[in-house]
Amino acid sequence: MGDYFMMALAFVLVLGPLVVIHEFGHFIVAKYFGIRVEVFSVGFGKRLFGFKRGDTDYRVSLIPLGGYVKMSGENLDEQVTGAPYEFMSKPKWQRFFVAVAGPAVNILFALLIPAVVSMFYFEEEAFRNQPAQIYSVEASSPAAAAGFQSGDTIMKIGDLTNPTWRDVDEYAIVRPGQTVPVTVKRGDQTKDLNLEIKTVDVGSDKIGIHGFIQDKAKITATSIAPGSPAAQAGLAEGDVILSANGQPLEQSRQGVERLIATINNSNGQPVQLTVERNGSEVEITPTPQMMDGKFKIGFAPSPQFDKIVKTKSLTEAIPYSFEENWRMVKLTATAIGQIFEGKRKVGETFSGPVGIAELSSQAVKAGPIVLFSLMALLSLNLGIFNLFPIPVLDGGLIFMLGLEAVLGFFGLPLTIKIKEKMIQVGFVALMLLMGFIIYNDISKKISSKKAPAVQQQVEQPKPAEK
């Protein structure tokens, strides 16, 4: 029950402010054009408290899921007097700017977050922007089945030529279940291969969708449990584990798996580890204990790549933010396009409240950098989604304003009755879509709980060695 409460709280903390700033965009532009704003509410439903200033009731309402702005004369079912302060009394171009202001503020916020964060802290794995040269290939992975070998350089994947590892990652992650053509350079020759992309899970030490390991990693000690054999033997956070029982460990995911196997198969006998600490080698000898049916020493070995850690200047941060957001737009457009091409299911593309709540909870636990990154991504998607030409969304109002202008050019009116029908159809379509997405979210949540424990250990090896 506590986990669900934390998910709900994280959902409110992450998505709530994004909806509020969206409504603030409508509010500030409406005020600028002299439109009377009757209510600015943080939350929905019953009014809890607030104050009135001028014509506007600023309130906090019962349901803390965003907010709304109520402008005078904006609803089709209310009595319109023709007063100059009413929404419908304003020219179309002003109503257009009021409608577009909400999504525009969300997109601006999405641009602002990465720029500001990168000026204080920026970190990325060094290999991300390097040519896609394969360090090694996981056994039994889709990459191994396709015929990739250590040392291959990916020259082309799909329609991307000379890609970096970031390009390969992003190309593959939006094409689960597809087989894509790849051209690699192997020595002085080129080879054409076909790579089957089976899953969208992405590991921290590799691109998990195809089994490539891009670079050499260091097996680093993390999550050392207090009082555990690892802690008692003197293992320290950040130690790089070089060998186990005198056998050197490959500094990669395979090395992690070999280390885990050595500890699990120790039968409770001491395991000699050689670790690198502050440039020096240190010998420690923990004695594994039986935990959850396996011999463990109480820590998580995690492959860590060399990272670039720095702060960006303003002139670097702004282009970086635009580039990051444009990449997200292209990935989103690709995923949506695949729905219409029949290559992707709607449920695999969109996340509803349950999925967003789960992501929000994970982001809160991961720390402020991940949290702000998620908020930027959600703000961008909220802005873009609201521009879709669906009545009841801002894009629907923009569409109707454009349609009204076109019909007016030919002397034809867009009557209130037609507008009402369009809004009703749009509302039903949106509710059906949201219902389907929520149902799909819940189904995926239930399915994940039923996943075999063995599969979870393979995909998430960290808990297995504690």
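Summary table
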quantity: Pair list, Cβ < 7 Å and 6+ apart or interchain, from the stretch 292-310 residues that are on the phi > 0 side of the Ramachandran plot to residues that are open to solvent by 20 Å² or more (accessible area, probe 1.4 Å); calculated: Gly298/Ile224; Gly298/Ala225; Gly298/Ala231; Gly298/Lys466
quantity: Meets criteria (of a type in the set (A, V, I, L, M, F, W, C), out of contact with any Pro (no Cβ under 9 Å at 6 or more places or on another chain) and either over 20 Å from Leu15 (Cβ atoms) or in a helix (DSSP H, G or I) (or both)) for Ala363; calculated: yes
quantity: Spans of helices (runs of 4 or more DSSP H) in the stretch 394-466 with at least 3 residues surrounded by 12 or more Cβ atoms within 10 Å (Cβ to Cβ) and at pLDDT below 85; calculated: 416-450, 453-459
quantity: Subset of the stretch 370-391 [farther than 18 Å from Pro353 by Cα and more than 15 Å from the chain's Cα centre (by Cα)]; calculated: Leu387, Phe388, Pro389, Ile390, Pro391
quantity: Filtered residues of the stretch 137-148 (kept if at pLDDT 90 or above and under 12 Å from Phe212 (Cβ atoms)); calculated: Ala146, Phe148
quantity: Residue identified as in contact (Cβ under 8 Å) with a residue 60 or more places away in the chain and either basic (Lys, Arg) or farther than 27 Å from Glu420 by Cα (or both) among Lys70, Lys92; calculated: Lys92
quantity: Sole residue being in contact (Cβ under 8 Å) with a residue 40 or more places away in the chain and on the phi > 0 side of the Ramachandran plot, chosen from Gly82, Gly147; calculated: Gly147
quantity: Subset of the stretch 164-182 (residues that are buried (at least 20 other Cβ atoms within 10 Å of the Cβ) and in a loop (DSSP other than H, G, I, E, B)); calculated: Val174, Arg175
quantity: Residue list for the stretch 93-129, restricted to those being open to solvent by 40 Å² or more (accessible area, probe 1.4 Å) and in contact with a strand residue (DSSP E or B) (Cβ under 6 Å, 6 or more places away or on another chain); calculated: Glu123, Asn129
quantity: Residue under evaluation Leu195, criteria (1) modelled with pLDDT of 90 or more; (2) in contact with a Pro (Cβ under 9 Å, 6 or more places away or on another chain); (3) surrounded by fewer than 21 Cβ atoms within 10 Å (Cβ to Cβ), criterion not met; calculated: (3)
quantity: Total residues in the stretch 215-269, condition open to solvent by less than 10 Å² (accessible area, probe 1.4 Å), over 20 Å from Asp292 (Cβ atoms) and in contact with a helix residue (DSSP H, G or I) (Cβ under 9 Å, 6 or more places away or on another chain); calculated: 4
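To keep it simple, each residue is scored yes or no on (1) surrounded by 20 or more Cβ atoms within 10 Å (Cβ to Cβ); (2) out of contact with any strand residue (DSSP E or B) (no Cβ under 8 Å at 6 or more places or on another chain); (3) at pLDDT below 90.
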| position | (1), (2), (3) |
| --- | --- |
| Val12 | no, no, yes |
| Gly25 | yes, yes, no |
| Ile35 | yes, no, no |
| Phe40 | yes, no, no |
| Phe51 | no, no, no |
| Tyr58 | no, no, no |
| Lys70 | no, no, no |
| Thr81 | no, yes, yes |
| Pro91 | no, yes, no |
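Okay, residues lined up against (1) over 28 Å from the mean Cα position of the chain (by Cα); (2) in a strand (DSSP E or B):
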residue: Asp57; (1), (2): yes, yes
residue: Gln79; (1), (2): yes, no
residue: Gly82; (1), (2): yes, no
residue: Phe127; (1), (2): no, no
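The values are calculated or read from the model by the stated rules, or taken from the named source; none is laboratory data. Computed from a predicted structure; not experimentally measured. Heads up, the Cβs are rebuilt from the backbone with ideal geometry, glycines too, and the neighbour counts pull from every protein chain shown. To get the accessible areas, we keep the full protein, side chains included, count just its heavy atoms, and leave off ligands, DNA and RNA. Shrake-Rupley method; radii C 1.70, N 1.55, O 1.52, S 1.80 Å.
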